[in-house]
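The next block holds one structure in the form of C-alpha coordinates; read it before the comments.
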Amino acid sequence: MSELNTIVGQRIKQKRKQLKLTGIEMGRRLGISQQHYSRLENGHIKITVDQLITISLILGVSPQSLLLTTEIMSPMINAWTEKTLYSSDVIVLRNKKRRHLK
(Lines give C-alpha, C1' and ligand atoms only; values in the text may rest on other atoms or scores of the structure.)
Protein backbone atom coordinates (compact mmCIF):
# COMPACT_ATOMS: atom_id res chain seq x y z
CA MET A 1 0.00 0.00 0.00
CA SER A 2 1.50 3.32 -1.12
CA GLU A 3 1.44 6.38 1.13
CA LEU A 4 0.45 8.48 -1.89
CA ASN A 5 -2.56 6.23 -2.61
CA THR A 6 -3.63 6.48 1.02
CA ILE A 7 -3.35 10.29 1.14
CA VAL A 8 -5.24 10.76 -2.14
CA GLY A 9 -7.90 8.30 -0.97
CA GLN A 10 -8.33 10.20 2.31
CA ARG A 11 -8.77 13.47 0.44
CA ILE A 12 -11.36 11.87 -1.86
CA LYS A 13 -13.21 10.39 1.13
CA GLN A 14 -13.22 13.72 2.97
CA LYS A 15 -14.67 15.59 -0.02
CA ARG A 16 -17.20 12.80 -0.72
CA LYS A 17 -18.47 12.98 2.85
CA GLN A 18 -18.71 16.78 2.67
CA LEU A 19 -20.98 16.34 -0.35
CA LYS A 20 -22.95 13.61 1.47
CA LEU A 21 -22.30 11.03 -1.25
CA THR A 22 -22.11 7.35 -0.36
CA GLY A 23 -19.44 4.91 -1.48
CA ILE A 24 -22.20 2.98 -3.26
CA GLU A 25 -23.14 6.09 -5.27
CA MET A 26 -19.49 6.81 -6.13
CA GLY A 27 -18.96 3.22 -7.27
CA ARG A 28 -22.10 3.40 -9.41
CA ARG A 29 -21.00 6.66 -11.04
CA LEU A 30 -17.55 5.22 -11.73
CA GLY A 31 -18.93 1.95 -13.08
CA ILE A 32 -17.24 -0.15 -10.39
CA SER A 33 -18.49 -2.02 -7.33
CA GLN A 34 -18.74 -0.34 -3.95
CA GLN A 35 -16.08 -2.76 -2.68
CA HIS A 36 -13.67 -1.77 -5.45
CA TYR A 37 -14.35 1.91 -4.78
CA SER A 38 -13.75 1.36 -1.05
CA ARG A 39 -10.37 -0.20 -1.81
CA LEU A 40 -9.45 2.84 -3.95
CA GLU A 41 -10.52 5.25 -1.25
CA ASN A 42 -8.60 3.35 1.44
CA GLY A 43 -5.42 3.26 -0.66
CA HIS A 44 -5.33 -0.53 -1.02
CA ILE A 45 -5.22 -0.34 -4.83
CA LYS A 46 -3.85 2.26 -7.21
CA ILE A 47 -6.21 4.79 -8.70
CA THR A 48 -5.96 5.23 -12.46
CA VAL A 49 -5.71 8.62 -14.14
CA ASP A 50 -9.15 8.07 -15.70
CA GLN A 51 -10.65 7.27 -12.31
CA LEU A 52 -8.96 10.28 -10.70
CA ILE A 53 -10.33 12.62 -13.36
CA THR A 54 -13.83 11.14 -13.13
CA ILE A 55 -13.80 11.31 -9.32
CA SER A 56 -12.66 14.93 -9.42
CA LEU A 57 -15.50 15.77 -11.82
CA ILE A 58 -18.04 14.05 -9.57
CA LEU A 59 -16.69 15.86 -6.52
CA GLY A 60 -16.43 19.21 -8.31
CA VAL A 61 -12.72 19.66 -7.63
CA SER A 62 -9.62 19.62 -9.80
CA PRO A 63 -7.51 16.46 -10.01
CA GLN A 64 -4.57 18.58 -8.85
CA SER A 65 -6.35 19.47 -5.62
CA LEU A 66 -6.55 15.77 -4.79
CA LEU A 67 -2.86 15.21 -5.60
CA LEU A 68 -0.84 18.34 -4.91
CA THR A 69 -0.96 18.80 -1.18
CA THR A 70 1.74 19.84 1.25
CA GLU A 71 2.02 16.36 2.74
CA ILE A 72 2.54 14.87 -0.71
CA MET A 73 4.79 17.53 -2.21
CA SER A 74 7.12 18.18 0.76
CA PRO A 75 8.92 14.80 0.63
CA MET A 76 9.32 15.14 -3.15
CA ILE A 77 10.70 18.67 -2.91
CA ASN A 78 13.08 17.60 -0.13
CA ALA A 79 14.33 14.72 -2.27
CA TRP A 80 14.86 17.04 -5.25
CA THR A 81 16.75 19.65 -3.23
CA GLU A 82 19.02 17.02 -1.70
CA LYS A 83 20.28 15.96 -5.13
CA THR A 84 22.79 18.16 -6.88
CA LEU A 85 22.09 18.37 -10.58
CA TYR A 86 25.13 18.46 -12.85
CA SER A 87 25.13 19.48 -16.48
CA SER A 88 26.09 15.93 -17.41
CA ASP A 89 22.77 14.78 -15.87
CA VAL A 90 20.75 16.80 -18.37
CA ILE A 91 19.74 15.11 -21.60
CA VAL A 92 18.29 17.07 -24.47
CA LEU A 93 16.15 15.24 -26.99
CA ARG A 94 15.94 16.68 -30.47
CA ASN A 95 13.38 16.08 -33.13
CA LYS A 96 14.63 14.25 -36.17
CA LYS A 97 14.66 16.24 -39.37
CA ARG A 98 11.47 15.82 -41.27
CA ARG A 99 11.57 14.88 -44.90
CA HIS A 100 9.06 16.52 -47.15
CA LEU A 101 7.44 13.99 -49.43
CA LYS A 102 6.65 15.14 -52.94
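The values are calculated or read from the model by the stated rules, or taken from the named source; none is laboratory data. Only a predicted model underlies this, so the values are computations on that prediction, with no experimental measurement involved. Counting neighbours? That spans all protein chains shown, and the Cβs are built from the backbone with ideal geometry, glycine included. We work out accessible area using only protein heavy atoms, side chains counted, and drop any ligands, DNA or RNA first. Shrake-Rupley method; radii C 1.70, N 1.55, O 1.52, S 1.80 Å.
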Exercise for the section: Mind checking the full-extension length gain between residue 3 and residue 46? Use 0.36 nm per residue of separation minus the Cα-Cα distance, one decimal, nm. Expected result: 14.4 nm
Exercise for the section: Using a 1.4 Å probe and counting only protein heavy atoms, arrange 15, 20 so the residue with the most accessible area comes first. Expected result: 20, 15
Exercise for the section: Please give, to one decimal in nm, the separation of the simple spin-label points placed at residue 25 and residue 54, each 7 Å out from Cα toward the Cβ. Expected result: 1.7
Handout entry: Solvent exposure of segment 10-49 as accessible area per residue, Å², 1.4 Å probe
Key = 68
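When Rg is the radius of gyration of the Cα atoms in segment 12-70 and Rh is its Kirkwood radius, what does Rg/Rh come to?
Rg divided by Rh gives 0.92.
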Exercise for the section: Take the Cβ-Cβ distance between residue 34 and residue 67 as r, set R0 to 25 Å, and report the resulting FRET efficiency rounded to the nearest 0.05. Expected result: 0.60
